[in-house]
Amino acid sequence: MALPRNLETFSAVLRAEGPAAALGYLNEGVPHRYSAVYRFAGPMLRNVMLHDKAGEMRPEFLVAVPFDKSFCQFVLRDGSFRTDNSAADPRLEGHPYRGVVVSYHSVPLTTSPGELWGTLSHFDMVPLPLSPAEFELLQGAARLLPGFLAEA
């Protein structure tokens with residue numbers, strides 16, 4: 001039986017089973033192959049958690065990404081970033097990952113003092129939309145998740 005798609009269920013999974021299971025819960029409700037947590041580390045973004053719908057090992061190119069080449073830079077600048085198809089998105093003209101990471105929906109993760117810690121994202125290498133309800137759940141999850149990532 002599928003779990004309800006809401007913040008209360010996400011919170012229950014997070015508390016009972018931890019952040020990896022909670023990330024898996026988020027991924028179950030979206031068409032995207034990947035859901036991930038990235039942490040800001042100077043000029044780089046480091047992947048600290050990845051859920052792959054295909055169950056494969058994390059691809060090397062997702063381990064660490066230069067901040068200035070990432071889509072996460074737009075999350076920092078704008079407070080979130082969404083594109084269903086980066087190859088057709090004029091905001092990404094000339095960007096090195098345009099058309100590589102094709103669908104990308106991300107929100108910031110902040111610590112309780114309000115410092116930017118990283119990002120929480122759904123993404124894929126094919127064009128895919130994210131429903132408004134699932135984006136709202138992603139935003140809510142981003143408010144709860146950082147307290148469980150302190151050691152990551």
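The values are calculated or read from the model by the stated rules, or taken from the named source; none is laboratory data. Computed from a predicted model, the values in this text were never measured in an experiment. All Cβ positions, glycine included, derive from the backbone under ideal geometry; neighbour counts span all protein chains shown. Note: areas computed on protein heavy atoms with side chains; ligands, DNA, RNA excluded. Shrake-Rupley method; radii C 1.70, N 1.55, O 1.52, S 1.80 Å.
So that you can scan it fast, the table gives a plain yes or no per residue for (1) open to solvent by 30 Å² or more (accessible area, probe 1.4 Å); (2) out of contact with any strand residue (DSSP E or B) (no Cβ under 7 Å at 6 or more places or on another chain); (3) at pLDDT 95 or above; (4) outside any loop (DSSP other than H, G, I, E, B):
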| position | (1), (2), (3), (4) |
| --- | --- |
| Ala16 | yes, yes, yes, yes |
| Leu45 | no, no, no, yes |
| Glu56 | yes, yes, no, no |
| Arg82 | yes, no, yes, yes |
| Pro108 | yes, no, yes, yes |
For the stretch 111-118, indicate whether the set of residues that are over 16 Å from Arg39 (Cβ atoms), open to solvent by 20 Å² or more (accessible area, probe 1.4 Å), of a type outside the set (D, E, K, R) and not in a loop (DSSP other than H, G, I, E, B) is non-empty.
no
Could you pull out the residue among Phe40, Phe10 that is crowded, with 16+ Cβ neighbours inside 10 Å and within 17 Å of Leu137 (Cα to Cα)?
Phe10
Val100 - would you say it is modelled with pLDDT under 95, more than 15 Å from Met49 (Cβ to Cβ) and either in a loop (DSSP other than H, G, I, E, B) or open to solvent by 70 Å² or more (accessible area, probe 1.4 Å) (or both)?
yes
Hey, among the residues in the stretch 126-152 that are at pLDDT below 95 and in a loop (DSSP other than H, G, I, E, B), which one's surrounded by the most Cβ atoms within 10 Å (Cβ to Cβ)?
Leu149
Are there any pairs, at least 6 apart or on different chains, whose C-beta atoms fall under 6 Å, with the first in the stretch 69-97 and closer than 19 Å to Arg46 by Cα and the second open to solvent by 30 Å² or more (accessible area, probe 1.4 Å) and not in a helix (DSSP H, G or I), and if so, which?
Lys69/Pro96; Val75/Pro108
